[in-house]
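For reference, the structure discussed in these notes is given below.
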Amino acid sequence: MRIFKIVYLMVVFLLLFSVPSFAGGKLPRVVILATGGTIAGAGASTTTTVDYTPAKVGVEALIAAVPELAGIARINGEQILRIGSQNMAPKDWLALAGRVNQLLARADVDGIVITHGTDTLEETAYFLNLTVKSGKPVVLTGAMRPATAISADGPMNLYNAVLLAGAKAAAGKGVLVLLNDQISAAREVTKTNTSSPDTFKTPDLGFLGYVIAGEPQFYRISTKRHTVDSEFDVTNLSVLPEVGIFYGYAGENRNVLDAMVAKGVSGVVNAGTGDGSMSDGMKNAYREARRQGVIVVRSSRTGSGFIARTKEAKDDAYDFVVAGNLNPQKARILLMLALTKTRDTKEIQRMFMTY
C-alpha cells in the first residue's frame, strides 16, 4: 500500500509540473474559426468518402472529437460559416479577414486555426496572407475525408494545426497551411489531387516544414511580403473589384473573354498554355480588352514555373502584367487587391513581384 501511495504521488507531481495547463495556464490560447468543408462533413456510412455532405459538424463537435487538444492549447471555437468551400466568395474573405484581425489584436489570443474545405482553401489562405495585420500564427487546415469516415484525416490535421498555431516558431512566417503533417506557405501551396489526403503541394519551392513527433520543424521561409508588411488594407471594404480568369486551350475562342469585358470586369487573368502564351486571336482580344481599361495578367495553366516577361507576349508594348509564379487563382486575388489601390500597370507589376 505504501508503494502504491508513493507511485500515486509521483504521478500527481508529474501531471502538475509537466503539463502547462496545470502550471499557471501557460498553454497558448488558440481560437478555432470553423467555416465548414469536408473536415466537418458527414457521410451515409463509415466507408463514404466521396458522396457526403460537407459542413454538417459544428465547431464544438469538431473540438470535442479531439480531446487531446486540451493538452496543447486553451481553445475557443467560433462557427464563422457553414459551407462547402466551393461556395466561398470574396464577401466571405472580407468577413473572415475582419474577424481574424479583431481576434489577433487581443492580448488573450496567441494564434488562430481556420478549418476550411480544401477546394478553395489555398485561395482563402493567400487572401489572408495579404490582409492579416499581425505576426501571430494563422493556420488553415481541412480534410480530404469526412468526419464520419474510417481513418478520417481531419482530427489529426486539426490537432497539428492547433499545435502549429500555438508555436512561437510559427510567428512571423505568414499565413500557413497544415495538412498531412506538412507545413506550407499560403502563397505557394495548391491542391493537386481530387481525393488523396496528400493533395496539397508547393510545386516550385517545396514545403516550409513538417510537424514531426508533435513538434513543428521549419526548414525554410517565404521571402515574399505578407501580413504585417503588406500594403493592402480591407478594413473598410465591403466589396472587391471583379476579376475573371480565362483558361487557355487549343483552338481557344474569345467569346468568353469578350463576355467578361462586356460585363464590366476590372481585370482578367490569362491562365495561358505553357509560359502564359496566347493564340494570335486571343492576343488581339486581350489587347482590345486592355484598350478598354481592363487590366490583363498573364499566368499559366501548367501548375508550376515562372512567367517570363516580354517573352511569350510583348508585355511592355501591350501593357500587360505577368504573374511571376502565382497560379491563376492566386493571381486573381492579388489583382483584386491591387485594384483597390491603383490601376497603374507598372505599380501592379511591382506588386506581383513583391507578393
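The values are calculated or read from the model by the stated rules, or taken from the named source; none is laboratory data. Predicted model, so just to flag it, every value in this text is computed and none were measured. Cβ sites come from the backbone with ideal geometry, for glycine too, and all protein chains shown count toward neighbours.
Among residues of region 101-115 that are free of Cβ contacts under 8 Å to residues at least 40 places away in the same chain and closer than 20 Å to TYR159 by Cβ, none has a beta-carbon under 6 Å from a residue that is part of a helix (DSSP H, G or I) and of a type in the set (D, E, K, R) at least six positions away or on a different chain.
Among the residues of region 96-140, those that are among the small types (Gly, Ala, Ser) and not in a loop (DSSP other than H, G, I, E, B) comprise ALA97, GLY98, GLY111, ALA125. Restricting region 276-297 to residues that are farther than 19 Å from ILE348 by Cβ and among the hydrophobic types (A, V, I, L, M, F, W, C) leaves a set whose member that is surrounded by the fewest Cβ atoms within 10 Å (Cβ to Cβ) is MET282. Of the residues examined, VAL268 is one that is within 19 Å of LYS314 (Cα to Cα) and β-branched (Val, Ile, Thr). Screening THR310 against (1) assigned to a loop (DSSP other than H, G, I, E, B); (2) among the polar types (S, T, N, Q); (3) under 27 Å from the mean Cα position of the chain (by Cα) leaves a single unmet condition, (3).
Once region 84-93 is narrowed to residues that are in contact (Cβ under 8 Å) with a residue 12 or more places away in the chain and surrounded by fewer than 18 Cβ atoms within 10 Å (Cβ to Cβ), the residue that is farthest from MET144 (Cα to Cα) is LYS91.
GLN217 meets each of the listed conditions (1) assigned to a loop (DSSP other than H, G, I, E, B); (2) under 30 Å from VAL139 (Cβ atoms); (3) free of Cβ contacts under 8 Å to residues at least 40 places away in the same chain apart from (1).
For region 330-342, the criterion of being modelled with pLDDT of 95 or more and over 19 Å from ARG225 (Cα atoms) is satisfied by no residue at all. Scan region 339-354 for residues that are under 19 Å from SER222 (Cβ atoms) and hydrophobic (A, V, I, L, M, F, W, C) and the total you get is 3.
For (1) β-branched (Val, Ile, Thr); (2) within 30 Å of VAL139 (Cβ to Cβ); (3) within 20 Å of the chain's Cα centre (by Cα), each residue gets a yes or a no:
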site	(1), (2), (3)
ALA213	no, yes, no
VAL228	yes, yes, yes
VAL239	yes, yes, yes
TYR249	no, no, no
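Among the residues of region 227-268, those that are among the β-branched types (Val, Ile, Thr) and over 30 Å from LEU104 (Cβ atoms) comprise ILE245, VAL256, VAL261, VAL265, VAL268.
Among the residues of region 141-170, those identified as under 16 Å from the mean Cα position of the chain (by Cα) and not in a helix (DSSP H, G or I) are THR141, GLY142, ALA143, MET144.
Of the residues making up region 142-162, those that are more than 18 Å from THR49 (Cα to Cα), surrounded by 24 or more Cβ atoms within 10 Å (Cβ to Cβ) and either assigned by TED's automatic domain parsing to the domain that holds GLY303 or in contact (Cβ under 8 Å) with a residue 60 or more places away in the chain (or both) number 2.
Pairing each residue of region 47-62 that is of a type outside the set (A, V, I, L, M) with any residue that is assigned to a helix (DSSP H, G or I), provided the two are 6+ apart or on different chains, yields C-beta distances under 6 Å for PRO54/THR38. Applying the criterion of being hydrophobic (A, V, I, L, M, F, W, C) and surrounded by 17 or more Cβ atoms within 10 Å (Cβ to Cβ) to the residues of region 207-232, the residue that is farthest from GLY274 (Cα to Cα) is VAL211. Comparison of THR273, THR192, THR235 shows that the only residue that is surrounded by fewer than 20 Cβ atoms within 10 Å (Cβ to Cβ) and in the same structural domain as LEU94 (by TED's automatic domain parsing) is THR192. Residue selection: GLN79 satisfies the criterion of being in contact with a helix residue (DSSP H, G or I) (Cβ under 7 Å, 6 or more places away or on another chain) and over 21 Å from VAL234 (Cα atoms). For region 37-60, the candidate set comprises residues that are out of contact with any strand residue (DSSP E or B) (no Cβ under 9 Å at 6 or more places or on another chain) and polar (S, T, N, Q); within that set, the residue that is surrounded by the most Cβ atoms within 10 Å (Cβ to Cβ) is THR38.
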